[in-house]
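*Asks:* Encoded as structure tokens, here's the structure I'll be asking about.
The values are calculated or read from the model by the stated rules, or taken from the named source; none is laboratory data. Computed from a predicted model, the values in this text were never measured in an experiment. Every residue, glycine as well, gets a Cβ built from its backbone with ideal geometry; the counts of neighbours run over all protein chains shown. To get the accessible areas, we keep the full protein, side chains included, count just its heavy atoms, and leave off ligands, DNA and RNA. Shrake-Rupley method; radii C 1.70, N 1.55, O 1.52, S 1.80 Å.
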Amino acid sequence: MDGAPQPTDPAREIVAGIDSLTRWAADLRFEDIPEPIRVRAATVLADDLAAIVAAREEPELIGLTQGMATSSGAAEATVFDGRGTRLDRYSAATVNGSAADWCELDEGYRRVICHAGLYCVPALLAEAEASRATARDLLRALTVGYEISGRVARAFGWATLTLHPHGSLAAVGAAASVAALRGLTAEEMAKAISTACTLVVPGPFNHTVEGALVRNVWPGVGAWSGLRAVDWTLCGITGRPESLHDVYASAFNGEPHPGELTDGLGKEWALSDGYHKLHACCQYAHSAVEASLALHAKADASKIREIHIDTHWKGRHLDNAQPATTLAAKFSMQHILAATAQFGHAGAEAFHASTLTAPELAAMREKVTIGAYDPEPEWPNDRPARVTWVLSDGARVTEECLSARGGPDRPFDPSEVRAKIRGIVDAPYPAMGAALERLLDLDPAALDRSWADTVTEMTA
């Protein structure tokens, strides 16, 4: 009937959205990026680099690095392990990508389930050092990759926690950011993204809660795949324009939202919706940590008889009273609450391997019960927690946190993030903190300098 609404074709709309998004990305100059967003890009870069450094003593990661070194090509990029390791760019990106999420200290994207910086930074660090790109070009490419990662994540939705985004999105972020750094055309960038999305890992979300350490390697695999997707695109080996829809909607059964690819483009920046972490565990539990820390000011944690938490639906998935690995502990609400009560913090020490078998912590984990925070508030208070300690004398004390600090609604002071970074990097890399401070200040000399030269200074 004339004038009647015509049915939409989501696959075609996704293709059109990626075309528009990559045209915007290819035309974007560093000077076009608002200064607050440039600062955010530098902060994400420095924060995620620190997260990589933080994992340098993890035994499994040391083994992974040694294994990659046996098959690496010529050394052209740094592995930030504090040992002077340099590998080919693909191997370095794989190792750094695997390290970046190991300690759960990397930055994340608050609007959807996505760690956009993690999906861009490892590949960019390797590519920028190997190609001797400037820090200015690196930050521009990170801004592009972050925007595309966030928008692709928003363009497909799932009602359940089935896929983990570290597997399903990392290759796309790596390909988009590396394509931007190499100066690909809009058409080439679109092809690289479409190619990369077919190389993703369908990682199950439950692997985090169960503590399967392969989950930590998914961003590294994505960094390798994204780099190769750009290489292969330039060789004529590509996916199809509809690949994003084929993968995320048809194969992974996501609900497409094509408008998310372009709505507000150039005016609303994904980087402005990022969050940073001071607690070394899943962000879904950070409100629980903050409520528990508030309880420390009101009660004696040594007198706890029971702990009860009412929390949001994502937080209730973190249900594992007997975590078998350090990863499982970081995704165990029982361990997070018990460790925060015992140690008075949720830093890396609260999730050390020794805590998995510590009798007092094991007993405390069994005292935790989990319920629903009902009704759940709207964003940005959609990850709330209400924590109650029942003490040995029967007294009950309760605190709640609607939204953990670190996100756009309750950002950390920049000095807090800088202190976190310096606290991680100063011991293994005494020169790194000062170099990153100059980058965070957007110092013109630091921006115009070759990233390879900056890395040499930082790791000397």
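*Asks:* Using only Cα atoms, tell me the angle between helix 59-71 and the longest principal axis of the chain; keep it within 0 to 90° and round to the nearest 10.
*Replies:* Approximately 20 degrees, to the nearest ten.
*Asks:* If you don't mind, another one. Give the residue list of GluC sites (Glu not before Pro) in segment 296-374 that are DSSP loop and have at most 15 other beta-carbon atoms within 10 angstrom.
*Replies:* Listed in order of number, the matching sites are 366.
*Asks:* Another one. For all pairs of alpha-carbon atoms in segment 353-460, what percent lies in each bin of width 10 Å, listed from the first bin to the last filled one?
*Replies:* Going from the shortest bin to the longest, the percentages are 11, 23, 23, 22, 16, 5, 0.
*Asks:* Suppose we look only past 16 Å in the calculated P(r) of segment 295-363. What percent of the Cα-Cα pairs does that tail hold? Could you put the intermediate results ahead of the total?
*Replies:* On the way: 1059 of 2346 pairs.
It works out to 45 percent of all Cα pairs.
*Asks:* Whose amide H sits under 5 Å from the amide H of residue 305, counting only residues 5 or more places off or on another chain, with H placed in the peptide plane?
*Replies:* Those qualifying (amide H under 5 Å, at least 5 residues apart or on another chain) are 390, 391, 392.
*Asks:* Evaluate the Debye formula for segment 1-130 with equal point scatterers sitting on the alpha carbons, no solvent, and hand back log10 of I(q)/I(0) at q = 0.18 Å⁻¹, in q order, two decimals.
*Replies:* The computed values of log10 I(q)/I(0) come out as -1.02.
*Asks:* In nm, to one decimal, how far is the modelled label at residue 448 from the one at residue 268, with both set 7 Å along Cα→Cβ?
*Replies:* Here the modelled spin labels are 3.7 nm apart.
*Asks:* Defining a contact as two alpha carbons under 8 Å apart and six or more residues distant in sequence, what relative contact order in percent does segment 414-460 show? If you can, show how the numbers build up before the last one.
*Replies:* Working: 27 pairs, mean separation 18.8, N = 47.
Result for segment 414-460 is 40 percent.
*Asks:* On alpha carbon coordinates alone, what is the Rg over Rh value for segment 262-394, Rh being the Kirkwood radius?
*Replies:* Reported Rg/Rh (Cα atoms, Kirkwood Rh): 1.03.
*Asks:* Kindly provide log₁₀ I(q)/I(0) values, in the same order as q = 0.17 Å⁻¹, from the Debye equation applied to equal alpha-carbon scatterers of segment 192-348.
*Replies:* Here the Debye-derived log intensity ratios amount to -1.10.
*Asks:* Can you list which of the trypsin sites (Lys or Arg not before Pro) found in segment 170-278 are DSSP loop residues with at most 14 other C-beta atoms within 10 Å?
*Replies:* 267
*Asks:* Additional query: Would you mind working out the accessible area per residue for segment 1-90, using a 1.4 Å probe, and quoting it in Å²?
*Replies:* 50
*Asks:* Right, something else. Can you report the principal axis dimensions of segment 250-297 using only the alpha carbons, biggest first, rounded to whole angstrom?
*Replies:* Result for segment 250-297: principal-axis Cα extents of 47, 31, 15 Å.
*Asks:* Can you list, bin by bin at 5 Å, the percent of alpha carbon pairs in segment 1-74, starting at 0?
*Replies:* Whole-percent P(r) values from 0 Å outward: 3, 11, 8, 10, 11, 10, 11, 15, 10, 4, 3, 2, 2, 1.
*Asks:* Here's another thing I want to ask about it. What angle do you read, to the nearest 10 degrees and between 0 and 90, between the alpha-carbon axis of helix 135-154 and the longest principal axis of the chain?
*Replies:* The helix 135-154 is inclined about 70 degrees to the chain.
*Asks:* Using 0.36 nm per residue, how much length does the chain from residue 30 to residue 413 gain when fully extended, once their Cα-Cα distance is taken away?
*Replies:* Values: separation 383, 0.36 × 383 = 137.88 nm, distance 2.49 nm.
Full extension of this stretch gives 135.4 nm more.
*Asks:* Something else about it: For segment 219-348, what is the accessible area per residue in Å² when the probe is 1.4 Å?
*Replies:* It amounts to 36 Å² per residue over segment 219-348.
*Asks:* Just subtract the alpha-carbon distance of residue 132 and residue 395 from 0.36 nm times their residue separation and send over the number in nm, one decimal.
*Replies:* 88.5 nm
*Asks:* Right, here's the next one. Tell me, what HN-Hα J-couplings in whole Hz come from the Karplus equation 6.51 cos²θ - 1.76 cosθ + 1.60 at θ = phi - 60° for each residue of segment 347-360, using x for Gly and Pro?
*Replies:* Computed from phi, the couplings for segment 347-360 are x, 4, 4, 6, 10, 4, 3, 5, 6, 5, 10, 4, x, 5 Hz.
*Asks:* Next question. Could you work out what % of the accessible surface of the chain is carbon and sulfur, using a 1.4 angstrom probe and leaving DNA, RNA and ligands out of the count?
*Replies:* 52
*Asks:* Angle between the Cα long axis of helix 116-131 and the longest principal axis of the chain, 0 to 90 degrees, nearest 10?
*Replies:* The helix 116-131 is inclined about 50 degrees to the chain.
*Asks:* If you don't mind, there's one more thing I want to ask. Which whole-Hz ³J(HN,Hα) couplings does segment 281-296 yield from phi under the Karplus relation 6.51 cos²θ - 1.76 cosθ + 1.60, θ = phi - 60°, glycine and proline marked x?
*Replies:* Whole-Hz 3J(HN,Hα) from phi for segment 281-296: 8, 3, 5, 4, 9, 5, 5, 5, 4, 5, 5, 5, 5, 5, 5, 4.
*Asks:* If you bin the C-alpha pair distances of segment 89-141 every 5 Å from 0, what whole percents do you get?
*Replies:* 4, 20, 26, 23, 18, 8, 2
*Asks:* Let me ask another. Counting other Cβ atoms within 10 Å of each Cβ, which trypsin sites (Lys or Arg not before Pro) in segment 16-97 have at most 15 and sit in a DSSP loop?
*Replies:* Taking segment 16-97 and a limit of 15 other Cβ atoms within 10 Å, the loop trypsin sites (Lys or Arg not before Pro) found are 29, 83.
*Asks:* Another question, then. Grab the beta carbon distance between residue 302 and residue 426, set R0 = 45 Å, and tell me the FRET efficiency rounded to 0.05.
*Replies:* With a Förster radius of 45 Å, E is 0.85.
*Asks:* In square nanometres, what is one fourth of the surface area of the convex hull spanned by the alpha carbons of the chain?
*Replies:* Here the figure is 22.6 nm², rounded to one decimal.
*Asks:* Taking the Cβ of residue 386 as the centre, find all other residues whose Cβ is under 13 Å away and add up their charges (Lys, Arg: +1; Asp, Glu: -1).
*Replies:* So the environment of residue 386 carries a net charge of -3.
*Asks:* Which whole-number percent is the relative contact order of the chain (Cα, under 8 Å, 6+ apart)? The partial results should precede the final answer.
*Replies:* Numbers: 927 pairs, mean separation 84.1, N = 460.
Normalised by residue count, the contact order of the chain is 18 percent.
*Asks:* Now for a separate question. Taking amide H atoms as placed 1.01 Å from N in the peptide plane, list the residues 5 or more away in sequence, or in a different chain, whose amide H sits under 5 Å from that of residue 163.
*Replies:* The answer is 205.
*Asks:* Moving to a separate point now. Figure the gain on full extension for residue 354 and residue 376 (residue separation times 0.36 nm, minus the Cα-Cα span) and round it to one decimal in nm.
*Replies:* So the chain would gain 4.4 nm between residue 354 and residue 376.
*Asks:* Another question about this same structure. Could you work out [θ]222 nm for the chain from helices alone, using -39500 (n - 2.57) per DSSP H run of at least four and dividing by all its residues? Round to the nearest 500 deg cm²/dmol.
*Replies:* Per the formula, -14500 deg cm²/dmol.
*Asks:* In addition: Just need the Rg to Rh number for segment 156-216, please, alpha carbons only, Kirkwood Rh.
*Replies:* My calculation of the ratio gives 1.09.
*Asks:* Could you give the nm distance between label points at residue 12 and residue 214, where each point is 7 Å from its Cα heading toward the beta carbon?
*Replies:* Those two pseudo-labels are separated by 4.0 nm.
*Asks:* Sticking with this structure for a sec: Relative contact order for segment 87-230: what is it in percent, counting Cα pairs under 8 Å that are at least 6 residues apart?
*Replies:* On the way: 271 pairs, mean separation 49.3, N = 144.
For segment 87-230, the relative contact order is 34 percent.
*Asks:* Cβ under 11 Å from residue 279's Cβ, residue 279 left aside: what net charge do those residues give with Lys, Arg +1 and Asp, Glu -1? All intermediate terms of the calculation are to be shown ahead of the outcome.
*Replies:* Numbers: positive: 277, 330, 405, 420; negative: 104, 290.
Residues close to residue 279 contribute a combined charge of +2.
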